[in-house]
Amino acid sequence: MKRTLASIASAAVLISSAMVHAQAMPNPSRETHQVNVVLPAPLKATPENLAKLKLPAGFHIAKFAEGLESPRVIVISRAGNIYVSSRDAGTITMLSPDGATKKQVVALEDVHGMVIHDGTMYYVTIKEVYSAPIQADGTLGTSKLLIKDLPDAGQHVDRTLAVGPDNKLYVSVGSTCNTCEEHNKANATMQRFNLDGSGKETFATGLRNTIGFAFQPATGALYGWDDGVDWQGDKAQREELNKLEMGKDYGWPYILGDGERNLYLTPPHGVTLDQWDAKSTRPVLTWAAHASGMQLIFLSGTGLPADYNGDALATMHGSWGANPPSGYEVVRIHFEGGSAKTMTPFVEGFLMPVKGGSGWARFARPFGLAQMQDGSILLGDEQNGILYRVTHGK
């Protein structure tokens, strides 16, 4: 079977293979499962479509800035300047605090993840990490190459990074594939470096593609959203929210989701699935399969209801391999006593059923998230090049 999406609007594929039984996954020796490829048709963000969005009581959403090219990661400086990366365009664009003016500050092929720390911006391409000082006018000074040997990307090219409370630089390196045994052991991991790019070490393993991750302000704990495998059916494998800790393995590619065993691969060196399972760390919460989590942020309580203080938001970029489609929304992760307890929709309605075609349409592919100094939230739509602003109150 040729697994290409370029010319497919909607299709169904039956898959079978040969091995043994697993929790919540098909037995490839005697079962088949259906894979639905459903591509929602892209629509414009018209006032009529915006009126269909659903948010919790008291929250409002409106366009903040338009005319961006495939906006991805969003970060905001202490001065209030907004920085938006575009891997497609190979740029980082600075917007003024009111969103009225734009200025390109970086031109670099495949630039994607960004973080601001102590007046310096760190940004990452597929294989390289750079730093540059933020100048008084918000533009960047001379860039410095810190890391030049991140592994090849393969299927997952969207590198992201953050600075931890330990003053270390954390870089997420996705897998090269859907499920495979990686030759480079730095793939499917979280890597950690000193701020100057030295001291490389592997922080956590077994992570298929953790694009969205952030440190919990109150505890310093690291939480990351890991995207599940494809081609296992509409409801498998569920997306994972993981609490990432030094030295732990999160299962991929042999243990998936909340303990599902991948019967299409055999662990190396005589290790059994039971043994791999025993050393794998379970997610703290899971979400709909194929929703495709992207940027994740923790919220301060400024300008928001008190019970949002310390909670997190994550964007769901949207599925291609599920019927009905999943994602195309923003979810809220509620924490109690420092622990993640529940996940609920926060902004939904970008996806809608339609007549004809695949039966579905969308007017956004959510990606970037950032909280402004007044507590309002910026949400980026990669599809239509829009930044939205979510506010609370009148």
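A short reminder: the numbers here are calculations on the coordinates, not readings from a lab. Please read all numbers here as calculations on a predicted model, not as lab measurements. Cβ: placed from backbone, ideal geometry, glycine included. Neighbour counts: every protein chain shown.
Take peptides 351-362, 110-121 and line them up by average Cβ neighbours within 10 Å, highest first, as a rough protection proxy. Can you show the working numbers first?
Numbers: 351-362: 15.3, 110-121: 18.3.
So the peptides 351-362, 110-121, ranked by packing, come out 110-121, 351-362.
Check which residues have an amide H placed less than 5 Å from Asn384's amide H, if you skip close sequence neighbours.
Counting only residues 5 or more places away or on other chains, the set is Arg365.
How do 159-170, 127-138, 201-212, 335-346 rank on mean C-beta neighbours within 10 Å, highest first?
Numbers: 159-170: 18.7, 127-138: 16.4, 201-212: 22.7, 335-346: 14.1.
In decreasing order of mean packing, 159-170, 127-138, 201-212, 335-346 become 201-212, 159-170, 127-138, 335-346.
Rounded to two decimals, what is the ratio between the C-alpha radius of gyration of segment 291-394 and 2.2 N^0.38 Å?
Values: Rg = 14.6 Å, N = 104, 2.2 N^0.38 = 12.8 Å.
Normalised Rg, Cα atoms only: 1.13.
Residue by residue through segment 39-44, which ³J(HN,Hα) values in whole Hz follow from phi under the Karplus form 6.51 cos²θ - 1.76 cosθ + 1.60 (θ = phi - 60°), with glycine and proline marked x?
10, x, 6, x, 10, 7
Quick check: residue separation of Ala41 and Ser198 times 0.36 nm, minus the Cα distance between them. What number comes out in nm? Write down the numbers at each step before the final one.
Values: separation 157, 0.36 × 157 = 56.52 nm, distance 4.53 nm.
Between Ala41 and Ser198, full extension yields an extra 52.0 nm.
Which whole-angstrom value gives the distance between the alpha carbon centres of segment 162-240 and segment 345-394?
25
Past the 31 Å Cα-Cα mark, which pairs from Lys54/Lys243; Lys44/Lys127; Lys279/Lys341; Lys52/Lys102?
Details: Lys54/Lys243 29 Å; Lys44/Lys127 34 Å; Lys279/Lys341 24 Å; Lys52/Lys102 29 Å.
With Cα atoms farther than 31 Å apart: Lys44/Lys127.
Grab the Cα-Cα distance for Leu265 and Ser96, subtract it from 0.36 nm times how many residues apart they are, and report the gain in nm with one decimal.
55.9 nm
Under a Cβ-only charge scheme (Lys and Arg +1, Asp and Glu -1), can you give me the dipole magnitude of the chain about the Cα centre, in debye to the nearest 20? Don't skip to the end; give the middle numbers.
Working: 35 positive and 39 negative charges, 99 e Å.
Dipole about the Cα centre, nearest 20: 480 debye.
Taking every pair of alpha-carbon atoms in the chain, give the share separated by more than 28 Å as a whole percent. Don't skip to the answer; put the middle values down first.
Details: 35020 of 77421 pairs.
Percentage above 28 Å: 45.
Whole-Hz Karplus ³J(HN,Hα) for segment 343-353, in order, using 6.51 cos²θ - 1.76 cosθ + 1.60 and θ = phi - 60°, x for Gly and Pro?
Values, residue by residue: 10, 9, x, 10, 10, 9, x, 5, 9, 8, x Hz.
Using θ = phi - 60° and the Karplus curve 6.51 cos²θ - 1.76 cosθ + 1.60, what whole-Hz ³J(HN,Hα) does each residue of segment 214-231 get, with Gly and Pro shown as x?
7, 8, 5, x, 6, 10, x, 5, 9, 10, x, 9, 10, 7, x, 6, 9, 6
Give the distance, in whole Å, between the Cα centre of segment 68-139 and the Cα centre of segment 263-341.
Value for the Cα centre distance between the two parts: 26 Å.
What length, rounded to one decimal in nm, is gained on full extension from Thr32 through to Thr272, with 0.36 nm per residue of separation minus their alpha-carbon distance? Kindly include the intermediate steps, with their values, before the conclusion.
On the way: separation 240, 0.36 × 240 = 86.40 nm, distance 2.39 nm.
Length gained, Thr32 through Thr272: 84.0 nm.
Between Pro133, Leu150, Asn262, whose Cα lies farthest towards the positive end of the dipole of segment 10-392 when Lys and Arg beta carbons carry +1 and Asp and Glu beta carbons carry -1, centred on the Cα centre?
Among Pro133, Leu150, Asn262, the one farthest towards the positive end of the dipole of segment 10-392 is Pro133.
Just grab the label-to-label distance for His60 and Ala306, each label 7 Å out from Cα along the Cβ direction, in nm (one decimal).
Modelled inter-label distance: 2.4 nm.
What is the spin-label model distance, in nm, from Val284 to Lys103 if the labels are put 7 Å beyond Cα along the C-beta direction?
3.9
Of the residues Arg238, Arg261, Arg78, which exhibits the maximal mean-square fluctuation in a Gaussian network model of the chain defined by a 10 Å Cα contact cut-off?
In this elastic network of the chain, the residue with the biggest mean-square fluctuation among Arg238, Arg261, Arg78 is Arg78.
If packing is taken as the average number of other Cβ atoms within 10 Å across a peptide's residues, how do 271-278, 369-376, 385-392 rank, most packed first? Could the numbers behind the result be given before it?
Working: 271-278: 13.8, 369-376: 18.0, 385-392: 19.9.
Order by mean packing, descending: 385-392, 369-376, 271-278.
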